[in-house]
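In what follows, a structure is listed as structure tokens, so that the remarks can point back to it.
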Amino acid sequence: MSRPFPYAYISCPCANTPAPDPSRKRRSRESPQKASPEKPRPELQLDDEEDEQTFDPRAPRSNFSLYPPEQLLYCEDCHQIKCPRCITEEILCWYCPNCLFETPSSMVRSEGNRCARNCFNCPACTAPLSVTTLENRGGDQSGPWVLSCGYCMWTTLDIGIKFDKPTNIRAQLAKMTTEPSMPAIHTRQVSKTFGDLKSPLSMYSSIDDQLPPVDGSRPDNEDQPSDTSIPRTRNARFAALKTFYKDQVAATTTSGVDPGDFGASFSSPNTLHRIMSIYTATRITALYGNGNKKARNRPPVMREAVSANEGLALPKPSSETAIIQRMASDDCGWDGLASLEQRAFQSPDARFVEDLLPLPSLLRTKRSKRCKSCKHILVKPEFKPSSTRYRIRLIALSYIPLATMRPLILPPTTSASLPSLSSAAAPNLDALTPQRPIQLLLTLKNHMFDPVRITLATPSVTPGRVASKVTILCPQFDIGANSDVWDEALQSATAPDRSSRTSPYEKVAEAGKVWDKGRNWTTVVLEVVPGSLPGLKLKAYKGVGDDDNDDDDDDSDENEGALDWSGKSKDPAQQIQPDEDVLDIPVFVRMEWNSDSQIDPEEGIGSGKGLGGDSVKRELAYWMVLGVGRIES
Amino acid sequence: MPQPNLLRPPPHHRPSTQSNSQPSSGSSTPKPAQPPITASSSATIAESVVFQGTFPVTIGRGTIIHPRARIYSFAGPVVIGNECIISEKCVLGTPPGEGTGTVVSTTGMAGDRNKENQRGGQTTGGGGGGEEGAIQLSSSVTIGPMASIAAGVTIHSGVVVETAAAINGNVDIGAHSKICARAEISAGAMIREWTVVWGAGKGAGLRRRVRVQGGKVNPIVQSLNGDTAAATAGDKAEEGGTLEGRIIEDARLLGMRREREALARFIGASKGRR
Amino acid sequence: MPPKAAKGEYIETDTGNKISRRSQIHGTQHIILGGKSIIQADAVIRGDLFRTSSSSASTPDSKSDPKAAAGGAGNSIAITIGRYSYISRSAILRPPSRLHRGVHSYFPLKIGDHVFVGERSVVEAASVGNHVHIGKDAVIGSMAILKEFAYVLDGAVVPAGMVVPSWCVVGGAPARIVGEVGEGYGVEGAEGGMARERYRMVR
């Protein structure tokens, strides 16, 4: 989701630390600010001067460390910002996003991670399906029922399915479209529950394994429609094959393991050894032939599945041709073919839209989050799926100041004297004029209960080819404590009103002075001169006039003519890269505060020296990127 | 805060005021011209519906036009069939100032119109002509909120144009089709009958699907039930054959009729006296 | 940022609602505003489509007594909007409707607190929870349910009857769940918690 201008992103310091390594977690915790050796490869030697390095919002790596502030967490133990990469998650509960019912964790796997009730998604367009009755005329609710999509108007009648009752649709559908459990021959299979048959697939993917194939079953049907023991759906064939090979493995294994439990212990080294010896043992005896192992009976050789009721399916030679003919037929056409997206969650044999079966809704999860390095729990929502409350929620916004920006509307007096600026009274942030200075009010709001001293640092010229000049008029200031909630409640109605309504017309931004200050917030002025885009220089200067900024635009000096958006320009340097015109300002934020914290001062980086008593001096530093706007081209 | 132009559906043959002005004058932002409107007495038209244009507008019986709908007949006559629902803030025709709906082809337009037999028997003459830029809505058409129908569009019966969909010039939409929300049909397209156009935006983002009208037998169910019919007895092929997809549409049209009945009360009531 | 409006653009009610003079509200007696909510210009709010108790009675062409239908349902509510909610320009709020047992009836559209509805969005949901964000040009289908803190991206088409769980981000046409908002979403002043600030900015 891209944000509208202006925005503030925060760079998680983890981008500068080595990849989390459990064995080194202590170390990484103690020095999270340390620039890693891997990041700035060219400047490897300069690593000791890590703080000198300017964060480049356009660097490819930056994408992975910049987060909107509300996505970030804060670990009170590590005293560090935690981004989604610095945490581990644990599933608290599974629930269906449609009916919001919780699915017990014991059921999740057997249901294939999908809702077991009446929640289905349209196989054609993924919109939710609703259970509707057909006989709407008389208004009776007894008629046959169908699942219908309110969006693309797909119904189960499109695939020739209707239901007798409006409840337990998934069971009804399963009954219709999956093999009824087979009597006779495979006794083992009979003893297996339905869930066992499905489970192998649900382990690996979210494919609804209840859904059987379509085409594959058809030839079988033609062949021997009367033989009930032949598995006809893909899943049933898989189950039959599995059973068969389990039997084979059991029969060829000398030791008397319980064949039923074999499958569960495939991973144990013993079993693996036995499986391997199935092949090697016979070969060795064949090679040496001295029969010194004569004492043991030679196990029967394992064979492959050969018959249909063992799960073997031989496609008829004509089946592919039949599919091709069907594709080419008039009543199929392009619209009759299932798209790749549609097939992704269907049986592998589903080729046509008629083969698509409704998909039970995928479950979602509520998760708790832990710090990856210290394992402290950072987020723990309430278990109930419908609850939006948290038991624990350590979000970064409660610790780091929240930055908001808004353009400073120039006083009318100024604009009167400078007619060119009158139009800039409310600058359009989506089309900033190059080289025309704008002023922004940057407000930092403190959510901690201690007053904070903030130091902001920004490069005077933004990195990259589009060099914009940035000046923070007051880079160092204090923010009051978020002390009294009642204060805030009383003040919030009046204070920001005052600042937003009157101040722009009464004040002029001054260097070294804060613009405005409230109980727990402080506003400073940021002055930005948007740079010229490469290739646009001549055009831009025509309007504004030449100025000394020329020297900064070193890259674009040799460019001539207007920027070529058509991509015809051969010179890549002349073309503007995507989003290169976005005016992103890296700002280094350093906050210091005295915390009368109970936490052991030894812990964490920011602790430093205790300042007498239980008050601890802390500091936290991070890069922030302010997205001011887009430079007009 | 109703708008000043409290337009009531005139009984019949409302004397046209500016019906003879030049059709091409729409391009130069003319004064809001009041088109001659022929509306069935059983049509329900909200007060705040905007009618502008020079060509006649015909509204069939039982049709509901929600408040804030805008109907422009600068480029050609607008014929709304029977039992349609035109939702709020949708735009039929090309508003003045955006240029008249420059139309080039009229593929199959006349023929479509002729087969529409009961389209407002009281057409004021110009309505049924073959002008380019005519908008033709057959019966039981639903136009969703904020949808826009450009001049020269023909929409056959039972079509649903959902919220904020855009139908560009000279599009022909076959009967019982559906244009899903926010889809944009590019100019000159032919949408066949029983087609659902869904997806995002226009062009490649759009997907198409043909609704099934006839009965279907599910191959899986069939293959499984060929022999073991007991498991799913009573599911298929009873009571004289399979259910046809068409009955879904019948049910929808019935629902639409009920909706119109409800709307006629609401919008009719809010107007005081129709 | 809301556009600079001319002086007197908004009428402020006793409870602090700011309603544009150019908004297009129908059936005001069937609409409840919780206070401090904003309704911008050209927004259409269909309070005239409310639930009637005896809507099954009449037949298509019996225009028997429209007054009775309106009068009898004077207390029925079509749309409720909570506190600090924001209805942007040209949005449409329309109560959802459903055919149930042969009767077509409208159901109330409930919009919670701190809800944002973007420009040109059409909302026909059954309920929109607190702190829900609906981007611009979005379409919320009939009887959809947006739970608290749901986030609908710009241009999304939430199909009829869809339920968007809390904290989920939906987008596309038809809309699917494409992600989740962060834990800090909805904190006062941050993303999702700008409702008071937005209210202050409107004059």
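The values are calculated or read from the model by the stated rules, or taken from the named source; none is laboratory data. Keep in mind it's a predicted model, so treat the numbers as computed, not measured. All Cβ positions, even for glycine, are placed from backbone atoms using ideal geometry, and neighbour counts span all protein chains on display.
The table for this structure:
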read-out	value
In segment B:45-79, residue nearest to the other protein chains (Cβ to nearest Cβ) [restricted to those that are closer than 30 Å to C:SER23 by Cβ and of a type in the set (D, E, K, R)]	B:ARG68
Subset of segment A:75-97 (residues that are out of contact with any strand residue (DSSP E or B) (no Cβ under 6 Å at 6 or more places or on another chain), closer than 26 Å to A:ARG364 by Cβ and buried (at least 18 other Cβ atoms within 10 Å of the Cβ))	A:CYS86, A:CYS96
Residue, modelled with the lowest pLDDT, within segment A:142-179, restricted to residues that are at the interface with another protein chain (Cβ under 7 Å from one of its Cβ atoms) and surrounded by fewer than 18 Cβ atoms within 10 Å (Cβ to Cβ)	A:LYS175
Segment A:453-502 - residue that is aliphatic (A, V, I, L, M) and under 21 Å from C:MET194 (Cβ atoms) and, of those, modelled with the lowest pLDDT	A:ALA495
Residue check for C:GLY112: more than 7 Å from every other protein chain (Cβ to nearest Cβ) and either polar (S, T, N, Q) or under 17 Å from C:GLY82 (Cβ atoms) (or both)	yes
Flag if A:THR103 is of a type in the set (Val, Ile, Thr) and at the interface with chain C (Cβ under 10 Å from one of its Cβ atoms)	no
Any hit, segment C:163-177, residues being under 17 Å from the mean Cα position of the chain (by Cα), crowded, with 22+ Cβ neighbours inside 10 Å and either of a type outside the set (Asp, Glu) or more than 19 Å from C:ASP137 (Cα to Cα) (or both)	yes
Residue under evaluation A:ARG114, criteria (1) crowded, with 23+ Cβ neighbours inside 10 Å; (2) among the charged types (D, E, K, R); (3) modelled with pLDDT under 90, criterion not met	(3)
Filtered residue count, segment C:170-192, keeping only those that are within 7 Å of another protein chain (Cβ to nearest Cβ), of a type outside the set (Lys, Arg) and not in a loop (DSSP other than H, G, I, E, B)	1
Any pair with Cβ under 7 angstrom, 6 or more apart, that starts in segment B:188-212 at a residue that is at the interface with another protein chain (Cβ under 8 Å from one of its Cβ atoms) and ends at one that is exposed (fewer than 15 other Cβ atoms within 10 Å of the Cβ) and small (Gly, Ala, Ser)	B:GLY199/B:GLY205
Condition check for C:GLU197: in a helix (DSSP H, G or I), out of contact with any Ser or Thr (no Cβ under 6 Å at 6 or more places or on another chain) and either under 29 Å from B:GLU259 (Cβ atoms) or within 9 Å of chain A (Cβ to nearest Cβ) (or both)	yes
Test for C:TYR106: is it crowded, with 20+ Cβ neighbours inside 10 Å, within 11 Å of another protein chain (Cβ to nearest Cβ), under 17 Å from C:THR80 (Cα atoms) and touching a residue at least 24 places away in the same chain (Cβ under 8 Å)	yes
Of residues in segment C:74-103 being in contact with a Phe, Trp or Tyr (Cβ under 7 Å, 6 or more places away or on another chain) and within 14 Å of chain A (Cβ to nearest Cβ), the one modelled with the lowest pLDDT	C:ARG98
Lone unmet requirement of (1) at pLDDT below 80; (2) away from chain B (no Cβ under 14 Å) for A:PRO317	(1)
From the options B:GLY205, B:GLY245, B:GLY174, B:GLY255, residue that is at pLDDT below 85 and either surrounded by fewer than 21 Cβ atoms within 10 Å (Cβ to Cβ) or over 30 Å from C:VAL139 (Cα atoms) (or both)	B:GLY205
Extreme residue, surrounded by the most Cβ atoms within 10 Å (Cβ to Cβ), among residues of segment A:366-385 that are farther than 19 Å from A:ASP77 by Cα and touching an Asp or Glu at 6+ places or on another chain (Cβ under 9 Å)	A:PRO385
Residue list for segment C:178-203, restricted to those being farther than 18 Å from A:ILE395 by Cα and crowded, with 22+ Cβ neighbours inside 10 Å	C:ALA195
Checklist (1) assigned to a loop (DSSP other than H, G, I, E, B); (2) modelled with pLDDT under 80; (3) within 14 Å of chain C (Cβ to nearest Cβ) applied to B:ASP227, failing item	(3)
Test: C:ALA160 is buried (at least 21 other Cβ atoms within 10 Å of the Cβ), more than 8 Å from chain A (Cβ to nearest Cβ), modelled with pLDDT under 95 and in contact with an Asp or Glu (Cβ under 9 Å, 6 or more places away or on another chain)	no
Qualifying positions in segment B:183-219 - of a type outside the set (Phe, Trp, Tyr) and at positive phi	B:GLY188, B:GLY199, B:GLY201, B:GLY203
Residue list for segment C:4-59, restricted to those being basic (Lys, Arg), modelled with pLDDT of 85 or more and in contact with a Pro (Cβ under 8 Å, 6 or more places away or on another chain)	C:ARG46
Segment A:326-349, residues that are in contact with a Gly (Cβ under 9 Å, 6 or more places away or on another chain) and aliphatic (A, V, I, L, M)	A:MET327
